[in-house]
Each structure stands twice: as structure tokens, then as C-alpha cells.
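Here is the structure we will look at, set down as C-alpha cells.
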Amino acid sequence: MTCQQFLGALDPYLDDELPVTEVLDMHEHLAVCEACRRIIESEATVRSLLTADAVQDTPPDSLRARVLQRVGAAGLGPRDARPRAPWLGFLPVGLAGLGLMGLLVVVAVIAGGKGPEVPGPLAAELAAKHLLYSEGPRPALALTTADATQMTAWLEGRLGFSVRLPRLSRPDERLVGGRASTIADVPAGYLLYERHGRRVSLFVTQPLPSAKLGWTERVVDGVELYTAALGGLKLVWWEDEAEHRLYAAASTGGERELVELALLCVRSGQPSRLDRPALPSAMSNG
Amino acid sequence: MEADAGGRKLERFGNDVLVYVTDLYRAALRLTGRVSDAEDLVQETCLRAFECLEQLKHPPAAKVWVFSILRSVFLRQAERASSRPALVSLEDIDASRLIASETLQDAYENFLPVQQTLVDEVRRAILKLPLAYREAIILAHIAGFSYREMAQILGVPLGTVMSRLFRARRMLRTSLRESRNPSEAPR
């Protein structure tokens with residue numbers, strides 16, 4: 001890849017719109033080109049400023065109440081002239097071109113793995129995305145923050161569902177940041193942590209059919225966990241049945257470390273709630 | 001029976017639309033530049049979304065759908081107001097297929113550190129952008145939409161989304177650079 005090709009693909013790269021194989025080409029170029037590295041750092045700074053600006057404002061509490069009041073009033077009687085809003089077809093959020101075959105190839109190439117494991121599709125996708133987001137010159141995050149509350153609010157705004165982040169207490173562990181992603185084409189939140197000097201990825205999505213394929217079931221302290229190894233990576237996932245969520249973690253560290261993170265997450269109490277104010281009683285009961 | 005339907009509709013509105021009120025407000029604030037106008041815009045958007053909620057057939061598409069409504073309401077309000085928003089000409093926008101040399105030249109010419117830029121300056125720089133470019137920045141960075149979703153909301157091809165974003169970021173960089181180094185502003 002030349003500098004010209006690199007710069008031509010810079011925007012889609014930073015916007016997470018490049019197929020994974022081209023992302024790897026970009027990483028290869030970055031590894032050898034100081035000038036492009038400096039450019040990408042400058043670009044990434046502009047983007048992080050935009051994200052920092054984006055999360056600054058919160059609507060006043062009274063705004064939701066006013067919306068509900070107006071909507072409640074509208075719901076009590078039909079309006080004469082109904083405004084028309086454009087209907088737009090749905091296209092799922094996702095990384096373009098991130099096909100399963102590509103992921104498996106990428107994982108095998110990066111991890112240099114010819115291990116005995118036969119990973120299921122979920123393991124392959126988690127491993128590929130762990131490498132994609134956490135490795136490279138700088139982690140591919142949309143929001144860099146150690147503030148779990150800010151991170152949770154930002155993610156929930158993008159995903160439309162609540163997430164539960166682990167409560168960290170040790171000095172050598174911290175949240176680095178996160179981004180929106182997908183797992184099996186389903187919207188997912190991605191969080192990057194540093195624990196004991198290692199980068200650990202945490203994914204949050206909704207339960208997936210056939211997730212158990214290729215995983216080993218374990219029960220630790222009453223928590224049902226599914227573990228797998230792929231190349232040099234350890235992976236674990238678990239479900240929060242009450243909230244209907246699937247959580248998964250990946251790291252180059254040991255399985256024990258991931259299990260510890262899973263238990264921290266499970267025991268972190270109730271997930272933060274999305275802003276869903278109580279509906280006016282007259283309407284909520286019909 | 002009718003009351004049950006109303007309750008269900010309101011519950012659906014809460015789940016599919018109201019969850020995005022923070023993102024809608026942030027976008028509205030950067031579109032209008034004023035808190036009171038942003039609040040009005042969000043209220044009107046939500047009301048319209050509620051009224052035509054039955055058009056939302058696929059709940060995962062709710063965010064794209066409600067942002068399309070926000071944009072439509074904003075453009076209508078802007079049209080009604082005497083002062084028109086700073087629209088760029090169609091020629092400027094849609095002669096906008098990027099060529100490789102443009103991206104290369106841009107990267108080197110505009111490569112100046114912006115690390116010291118304050119977030120407030122970023123806000124001001126966004127508000128100064130012409131509407132077509134401001135929309136692109138808002139949808140990508142405030143609301144977190146993909147190129148494809150932005151193309152749906154704006155009703156333009158994917159390539160136009162990419163070129164608008166590219167130019168919007170270039171304008172932002174220039175504006176931020178000038179705000180840090182006024183002497184470099186074009187005379």
C-alpha cells in the first residue's frame with residue numbers, strides 16, 4: 001500500500017467502514033510509515049475532540065416530561081392533519097465486508113494459529129474484533145474514557161439497550177474506552193480494558209442462537225460460563241438472562257483472568273437503566 | 001380496546017423513540033445553535049414520530065427513522081423562518097467525488113497539531129459549518145451513524161456522504177487551526 005492509497009482510505013478506516021482485510025493493509029502500512037502515522041494521529045485527535053464535544057450536553061429532565069405531555073395530549077385525540085414522515089428501509093448496522101470466512105482467515109494469520117481448537121463462528125468473530133480494535137498503533141475506539149458512567153451512557157445511546165460494566169477496584173485495572181460494533185450482525189457494545197498490563201476486550205450484545213457451538217461449558221461460583229481458546233487468545237462468554245444480554249471477553253491473558261472479569265461483571269449489581277421515564281398513568285394503562 | 005391500543009403505542013414510543021432523546025437533543029443543539037430552539041425541535045420531532053409510529057415497521061431502524069424526522073422538521077422550520085440556513089450550492093456538494101490527489105494534498109497541507117484545541121472551539125467550529133457539512137458531522141459524530149445510515153437519512157448516495165464528511169472535517173481542521181493561530185486566517 002502506498003501513502004496515497006493509505007490517505008485515500010483514511011476516513012473510512014477511522015470511521016470503521018473498511019473491510020477487515022483492508023484494515024490489515026492499513027496497519028501494515030502504518031507499521032512502516034512514520035509520516036502516515038503522524039497524519040493518522042492528528043486525524044484521530046480531531047475525531048476524539050468531536051466525540052468529547054458530543055457527550056457534553058444532556059437534555060434537561062423537563063424535556064422528556066414535556067415530550068410525554070405533548071405526546072400524551074396527541075394520543076388522547078387524533079389530529080386532523082397527520083404529518084408525513086419518510087419511511088426508510090432498514091439496513092443493519094455493521095462492518096461492511098466482515099464475512100465469517102474473512103474473519104477466520106484473519107484470526108489464523110494474526111494469531112499464527114494452527115492450534116487444536118475448532119472455533120465456532122462466535123469465537124472467530126470475537127477474536128478477530130479483539131485484535132482489530134485493541135491491537136495496532138492505537139486502539140480503534142470511538143470514545144476514550146475511564147469514566148464508566150459516561151461510557152455506559154454513550155453506549156446505551158448508540159445501542160438502544162442497557163449494559164452492565166464491571167466495577168473495577170484494583171489500581172492496575174482501568175477502562176480505556178469503547179465503541180459501537182456488531183456481533184453476528186447484531187448491534188454490540190465494545191469496551192477495552194487494561195488489566196494487569198494486558199488489554200482485555202468486553203463485548204455486550206443480545207443472546208445469539210448457536211452461540212455455544214465450539215465452546216466449553218463451565219460453572220464458576222454458580223455462574224455458567226463458556227470458554228474457548230483461539231491462537232494465543234482466551235475467550236469467555238456468559239449470559240445475563242434477566243436482562244437478556246450476552247457478554248463476552250477476550251484477552252491474551254489467562255482464562256482465570258477472564259473468568260475473574262466475568263464474575264466482576266455479573267456481580268456489578270443492576271445495569272444502568274436507559275432513560276425511560278414513567279409514562280403518564282392515564283396512557284400507560286390504556 | 002382503544003385505550004389499550006393507545007397504551008401500547010405509548011409504550012412502543014418510549015422503547016423505540018424516547019430512548020434516543022439525548023442524541024436527538026445533542027444533534028438539535030448543533031443544528032440550531034440554541035438551547036431553546038433545540039428543545040422545540042426535539043419536541044416537535046417526537047410528536048411527529050408518535051403520530052406516525054405505525055410507519056415504523058422494524059424497530060431496529062428506529063434511530064435512523066427518528067433522525068430522518070428530526071432533519072425533515074428542522075429543514076421545514078428553517079424554510080419557514082426568514083433567515084435561511086447557510087446551505088452550500090449543489091455544485092459545491094455534488095461535484096464532490098474525491099480524487100486521490102485531493103486527499104493527499106489535504107492531509108499534508110492541513111497536518112497541523114490540534115491537540116490543544118478546546119472542546120468549546122470544536123462546538124463553535126461545527127456551528128460555523130454550512131448546513132450540508134454540519135449535518136454530516138452531526139450524524140457521524142454526534143449520533144454515531146454509519147455511512148449507509150447517513151445516506152438513508154440524507155437521501156444521497158454513499159459517495160456523497162463520504163465526500164461531505166471529508167470536506168466537513170477539512171473545514172473543521174482549518175477553522176480550528178485558525179482559531180488557534182489567527183494570523184494564519186486567509187486575508
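Taking residue A:171, is it free of Cβ contacts under 8 Å to residues at least 12 places away in the same chain, under 18 Å from residue A:241 (Cβ atoms) and away from every other protein chain (no Cβ under 12 Å)? No: the conditions fail for residue A:171. Here residue A:112 does not qualify as within 10 Å of another protein chain (Cβ to nearest Cβ) and either at pLDDT below 80 or closer than 30 Å to residue B:54 by Cα (or both). Being modelled with pLDDT of 85 or more and within 25 Å of the chain's Cα centre (by Cα) holds for only one residue in A:17, A:43, A:34, and it is A:17. Looking across segment A:252-276, the residues that are in a loop (DSSP other than H, G, I, E, B) and either modelled with pLDDT of 60 or more or not small (Gly, Ala, Ser) (or both) come down to A:252, A:253, A:254, A:267, A:268, A:269, A:270, A:271, A:273, A:274, A:275, A:276.
When A:174, A:164 are screened for being at pLDDT below 90 and either surrounded by fewer than 21 Cβ atoms within 10 Å (Cβ to Cβ) or outside the structural domain of residue A:133 (by TED's automatic domain parsing) (or both), only A:164 passes.
Residues that are touching a helix residue (DSSP H, G or I) at 6+ places or on another chain (Cβ under 7 Å), polar (S, T, N, Q), more than 8 Å from every other protein chain (Cβ to nearest Cβ) and within 20 Å of residue B:131 (Cβ to Cβ) do occur in segment B:37-47, at least one of them. Taking the numbered list (1) within 7 Å of another protein chain (Cβ to nearest Cβ); (2) surrounded by 17 or more Cβ atoms within 10 Å (Cβ to Cβ) in turn, residue B:67 passes all entries but (1). Residues that are at pLDDT 80 or above and basic (Lys, Arg) number at least 1 in the following helices (runs of 4 or more DSSP H) confined to segment B:55-166: B:62-80, B:119-128, B:131-137, B:147-154.
Taking each residue of segment A:43-72 that is facing chain B (nearest Cβ under 7 Å) and in a helix (DSSP H, G or I) and looking for partners that are buried (at least 18 other Cβ atoms within 10 Å of the Cβ) and aromatic (Phe, Trp, Tyr) with beta-carbon atoms closer than 9 Å, six or more apart or interchain, yields A:51/A:154; A:54/A:154; A:63/B:25; A:67/B:50; A:70/B:50; A:71/B:13; A:71/B:50.
Checking every residue in segment A:215-226 against the condition of being of a type in the set (Val, Ile, Thr), surrounded by 23 or more Cβ atoms within 10 Å (Cβ to Cβ) and either in contact with a Leu (Cβ under 9 Å, 6 or more places away or on another chain) or in contact (Cβ under 8 Å) with a residue 24 or more places away in the chain (or both) gives zero matches. Among (1) under 20 Å from the mean Cα position of the chain (by Cα); (2) surrounded by fewer than 19 Cβ atoms within 10 Å (Cβ to Cβ); (3) over 17 Å from residue A:135 (Cβ atoms), there is one condition residue A:198 misses while meeting the rest; what is its number? The one condition residue A:198 does not meet is (3).
Residues in segment A:1-20 that are more than 7 Å from chain B (Cβ to nearest Cβ) and among the polar types (S, T, N, Q) were compared, and the one that is surrounded by the most Cβ atoms within 10 Å (Cβ to Cβ) is A:5.
The values are calculated or read from the model by the stated rules, or taken from the named source; none is laboratory data. Note that this is a predicted model, so its numbers are computed, not measured. Please note: Cβ atoms are built from the backbone with ideal geometry, for glycine as well, and neighbour counts cover all protein chains shown.
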